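Read through the structure below, which is laid out as structure tokens, and then see the notes.
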Amino acid sequence: MLLRLILLIQIFYTVYQNHFPVETGITAINLPNALFLVSMFLVLMSPKQPAFVNQHHKPILLPSLLFFFAMLVLAFVIAEMRAPQDMLADIIYLKTALFSPLLYFLYLRCGQDLKNTRLLIIAVMVVASVAAVQAIRQGLDYGIGTFYESHRASGPFGSNYASANRAGVFYAMFLPMFIAMALFFRKQPVWRIAALTGIGLLGMAVMVTYSRQSYFIAVLGLALLLLRRNLVMAVLIGATLVSFASYLPDSVFERVQETRQKDTVGNVEVDVSTASRWEIWAGAMAAWEANPAGVGLNRFKSEIGKYSAYVERDAHNFYVLTLTECGPQGLLGLLLVFRALFQAAKFMRKSAPPDNSEARALAYGFTITTLCLGVGNFYGSPFFEGTVIGDYWILAGLLERYFVLLNAGTEPVAETGIVARPDPFARFPLAARTLPGPRKWPT
């Protein structure tokens with residue numbers, strides 16, 4: 001019971017750690033780290049149960065994550081040897097980079113039965129919806145009639161509009177989970193209504209972040225799920241959404257139209273934000289060419305000013321950031337992680353029984369959510385942001401556990417603490433006749 005409560009708190013606080021900061025008093029250890037350590041201790045010290053009902057199932061992401069972790073550590077060493085700065089700050093940055101994926105292993109081996117694993121999955125979805133409500137409230141407080149850069153909602157992910165893009169990625173990333181539930185839960189009206197509510201909340205939250213990449217991610221996720229479910233339905237819903245587009249606030253169209261503008265002589269050009277990204281990426285390529293093994297972990301901001309007109313700026317593209325800091329070996333590690341994530345999604349789709357709408361919705365929803373995560377790092381770099389991606393790693397671990405338990409068809413011994421011993425007479429019934437008296441196998 002205590003473990004389950006801490007796991008639920010971790011799901012909530014992972015998203016809200018910036019909104020409700022709590023100091024632990026321990027250097028480099030924040031509250032999510034402390035919750036993780038306590039949870040791991042409870043899992044490992046529990047005498048009643050194995051962490052998994054299927055002891056032969058190996059975590060699908062294990063090899064790729066270990067390789068990626070090794071490349072991050074190598075990049076840390078390169079940074080300390082090539083351009084030493086504040087080592088404690090670098091250690092904290094490395095710890096932050098390594099921490100969020102560890103949540104996948106914790107929730108994969110969390111020792112909960114199928115019922116409670118499903119409860120934790122629901123908790124992830126509920127937290128995403130609650131975070132969306134906060135963004136909607138901010139958007140309504142700002143007003144949605146006209147677009148202003150400073151009036152972009154960021155939800156619990158930051159104190160001002162600077163975190164709006166990361167918030168938008170979070171909402172757009174979890175939106176496919178609700179869309180999949182709405183599409184597949186045809187005979188479960190209560191859950192379908194809940195899914196439609198979630199779609200409305202996250203869709204509205206994406207809108208008030210005014211994140212153009214998130215608009216694209218949300219539309220991409222919806223289109224792919226509709227095409228997978230039914231082509232005719234996709235066409236009908238697509239036509240309906242186009243007809244409703246005219247009812248969107250003018251501020252949304254203003255934001256999208258900002259991407260391409262006309263200069264004083266009428267020439268079409270991209271906005272300053274887009275143009276700056278291209279210049280930063282060009283500078284990043286120059287930095288990598290000068291340092292083929294990478295400039296070192298957490299060195300992009302201090303190095304980009306040497307190769308572009310922008311000083312102390314983020315890469316705004318996690319793949320570019322990884323190549324520049326960690327070299328091609330680091331980028332390879334990242335791509336292997338995404339490959340493994342899609343392998344996990346494939347395992348889920350294959351494991352979902354055709355007549356189990358819940359399992360199919362979760363499997364297909366996670367597949368598109370993973371794709372949205374990958375796309376969300378093309379125009380931003382939230383991959384190391386625990387508030388944005390932490391609950392994704394939790395969801396990945398929970399869903400893998402869910403499908404392993406579903407395939408096993410049995411519950412782990414967490415609830416009873418008793419392992420039933422096999423009855424040999426059930427397999428060899430004639431053996432019972434060779435022994436006098438009633439047969440009774442001790443448990």
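The values are calculated or read from the model by the stated rules, or taken from the named source; none is laboratory data. This structure is a prediction, so every number in the text was calculated from the model and none was measured. Note that each Cβ is placed from the backbone with ideal geometry, even for glycine, and that neighbours are counted across all protein chains shown.
Out of all the residues in the stretch 188-206, is one or more closer than 19 Å to Gly374 by Cβ and touching a helix residue (DSSP H, G or I) at 6+ places or on another chain (Cβ under 9 Å)?
Checked the stretch 188-206: at least one residue is closer than 19 Å to Gly374 by Cβ and touching a helix residue (DSSP H, G or I) at 6+ places or on another chain (Cβ under 9 Å).
Summed over the stretch 130-173, the residues that are farther than 17 Å from Glu385 by Cβ, of a type in the set (Ser, Thr, Tyr) and either surrounded by 21 or more Cβ atoms within 10 Å (Cβ to Cβ) or touching an Asp or Glu at 6+ places or on another chain (Cβ under 8 Å) (or both) give a count of 1.
Screening Glu358 on (1) surrounded by fewer than 19 Cβ atoms within 10 Å (Cβ to Cβ); (2) acidic (Asp, Glu); (3) more than 22 Å from the chain's Cα centre (by Cα) shows it passes everything except condition (3).
Go through the stretch 364-395 and give me each residue that's surrounded by fewer than 24 Cβ atoms within 10 Å (Cβ to Cβ) and over 27 Å from Asn18 (Cβ atoms). Once the filter is applied, which keeps residues that are surrounded by fewer than 24 Cβ atoms within 10 Å (Cβ to Cβ) and over 27 Å from Asn18 (Cβ atoms), the stretch 364-395 yields only Thr367. Residue-level check: of (1) surrounded by fewer than 18 Cβ atoms within 10 Å (Cβ to Cβ); (2) within 25 Å of Phe383 (Cβ to Cβ); (3) touching a residue at least 24 places away in the same chain (Cβ under 8 Å), Thr197 misses just (2).
Report yes if some residue within the stretch 134-155 is out of contact with any Pro (no Cβ under 7 Å at 6 or more places or on another chain) and among the acidic types (Asp, Glu); otherwise report no. Yes, the stretch 134-155 contains a residue that is out of contact with any Pro (no Cβ under 7 Å at 6 or more places or on another chain) and among the acidic types (Asp, Glu). The sole residue among Leu183, Leu114 that is in contact with a Leu (Cβ under 9 Å, 6 or more places away or on another chain), under 29 Å from Ala361 (Cβ atoms) and surrounded by 22 or more Cβ atoms within 10 Å (Cβ to Cβ) is Leu183.
Do we have any residue at all in the stretch 304-315 that's at pLDDT below 95 and at positive phi? Yes: the stretch 304-315 contains one or more residues that are at pLDDT below 95 and at positive phi. Which residue pairs have Cβ atoms under 9 Å apart, sit 6 or more places apart or on different chains, and have a first residue in the stretch 91-110 that is free of Cβ contacts under 8 Å to residues at least 40 places away in the same chain and a second that is assigned to a helix (DSSP H, G or I) and surrounded by fewer than 18 Cβ atoms within 10 Å (Cβ to Cβ)? Matching pairs, first to second residue: Leu98/Phe69; Leu98/Val73. One residue is enough: does the stretch 340-349 have a residue meeting the conditions of a type in the set (S, T, N, Q) and either surrounded by 15 or more Cβ atoms within 10 Å (Cβ to Cβ) or in a loop (DSSP other than H, G, I, E, B) (or both)? No.
For the stretch 9-31, the count of residues that are on the phi < 0 side of the Ramachandran plot, touching a residue at least 12 places away in the same chain (Cβ under 8 Å), over 22 Å from the mean Cα position of the chain (by Cα) and surrounded by fewer than 14 Cβ atoms within 10 Å (Cβ to Cβ) is nonzero.
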